[in-house]
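Asker: Got a structure for you, written out below as structure tokens; questions coming shortly.
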Amino acid sequence: MKLTDLTAKKLVAAATGTIVVSTVVPVAVIALSNKEPPSYTLSSSESGNNYSGNQLGASVQNQSQLVADTEKNKDWFEWVYKNKLEPKKINNKGKNITSVFKDVTSGYGDNTTQHLNKVCESHYQKPKNEFSGTNASTSHELKKDVENFCTVGGIGSLDVTNN
């Protein structure tokens, strides 16, 4: 193997999240997978969906994005806490995170203020108007946190319009 081939493989590996361990030759490739685990949303039969009226979780559009508070999603909530919320709390010293999400200390459990699954669930029950507002508003920041830490892929765009 030429040195240029090895360098090219390292660049490809870096772009795909793979670690290349080598001296020069031979090359051993170790793939580390840190993908988001599968999850059930509020629209699945696993969720036990009981939202109504103008609650955030009652919107059909939101139900396909919001991750349900069910034990089957334990790995998902733990992964999001470990890979998204906790690093943001540490690296940004909690800046740009609403206080309710700053208080989260674990991904899954029964505590309504310290476990991500319960914090998300409590927000699904809130009226949608608590999440609408201007970019500078607290309600907009709360909406962003729910989208980042409670939706599949963390890229949800929640419906907060009042119907």
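Values in this text are rule-based calculations from the coordinates and carry no lab data. A quick note: this is a predicted structure, and the numbers were derived from the prediction, not measured. With ideal geometry, Cβ positions are generated from the backbone for all residues, glycine too; neighbour counts draw on all protein chains shown.
Asker: Considering the options I90, A68, G107, tell which one lies farthest towards the positive end of the dipole of the stretch 56-154, charges being +1 on Lys and Arg and -1 on Asp and Glu at the Cβ, about the Cα centre.
Answerer: I90
Asker: Once the Cα atoms of the stretch 56-154 are picked out, what are the Rg and Dmax in Å?
Answerer: Calculated on Cα positions, Rg and Dmax stand at 12.5, 36 Å.
Asker: Which entries of K72/K93; K84/K128; K35/K126; K35/K128 show an alpha-carbon separation above 27 angstrom in the structure shown?
Answerer: K72/K93; K35/K126; K35/K128, as the Cα separations exceed 27 Å there.
Asker: List the aspartates and glutamates whose Cα lies under 14 Å from the Cα of K144, skipping any in the same chain that are fewer than 8 positions away.
Answerer: Result set, ordered by chain and number: E130, D159.
Asker: What is the distance, in nm, between label points placed 7 Å from the Cα along the Cα-to-Cβ direction at T161 and at T138?
Answerer: Each label point lies 7 Å from its Cα, and together they span 2.7 nm.
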